[in-house]
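Every number in this text was worked out from the coordinates using simple rules, so none of it is lab data. Predicted model, so just to flag it, every value in this text is computed and none were measured. FYI the Cβ positions are ideal-geometry reconstructions off the backbone, even for glycines, and counts take in every protein chain you see.
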Amino acid sequence: MSNKEKHKKEEQEKAQQETAQQPADDQLEQLKKEKDDLFLQLQRVSADYSNFQKRVPRQIEERVAYEKEQVIKALLPVLDNFEHAVEKGKTAETPQALLDGVKIVYEQMLSILKQFGVEQITALGENFDPSMHQAIMQRTDTDKKDNIILEDFSKGYKLNGRVVRPSRVAVNKAAAAQTEAKEAAKPSPDGQADDSIDETVDTQ
């Protein structure tokens, strides 16, 4: 084989190698481009998340401040009416006139609380419910059912259905009192009713 033919063959082999290498180079270039695009997207997502972390606490703080402002604005008219009631009370001809003014302010206050999702818990005459009522006293009224609330010392309130303060109440324990009375009336071992307690009281 002459040098010319040998050189020509080498040129052909080189061209074939370059042709075979081209698709691999193109694929590598495409992968690099995709990698760069993904990296840019990741940077944007990271920046957005960082801004989100900074923005959310500020938004919460602003929202809380706004809600406080709305509550205060709603309560200011009630305060105004209290002041008016106090002033009128100084010149009221009868206690009833002052009482009527206070009742109006009280109803206004309840109406405003209702606008914010606050409602009173019904207690008086209801069955005792430990999830809404706090028993601070027990009484006995045999004319009423056991476990009925006899007195509501301080109103309970719920906010959007959730108890924020239970009602402080007195609960009827008629059944317990009747049981104690029956036990006290049972005959003693000698066949007589046990009246030792009464005798003790009488001797003092």
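The figures follow:
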| quantity | calculated |
| --- | --- |
| Residue-span extension gain [Ile112 to Arg58] - 0.36 nm each, minus C-alpha spacing | 16.6 nm |
| Exposure proxy order (Cβ contacts within 10 Å, fewest to most) of Met109, Met137 | Met137, Met109 |
| Calculated FRET efficiency for the pair Asp129/Val78, C-beta based, R₀ 25 Å, to 0.05 | 0.25 |
| Calculated FRET value between Asp48 and Val163, using beta carbons and R₀ = 30 Å, to 0.05 | 0.15 |
| Region 97-154 shape via C-alpha gyration tensor axes, a/c threshold 1.5 | oblate |
| Fully extended contour minus Cα-Cα distance, from Glu93 to Lys33, at 0.36 nm per residue | 12.5 nm |
| Sum of side-chain charges, His84 neighbourhood, beta-carbon under 13 Å (Lys, Arg +1; Asp, Glu -1) | -2 |
| Segment Lys68-Asp141, length gained on full extension (0.36 nm per residue, minus Cα span) | 21.8 nm |
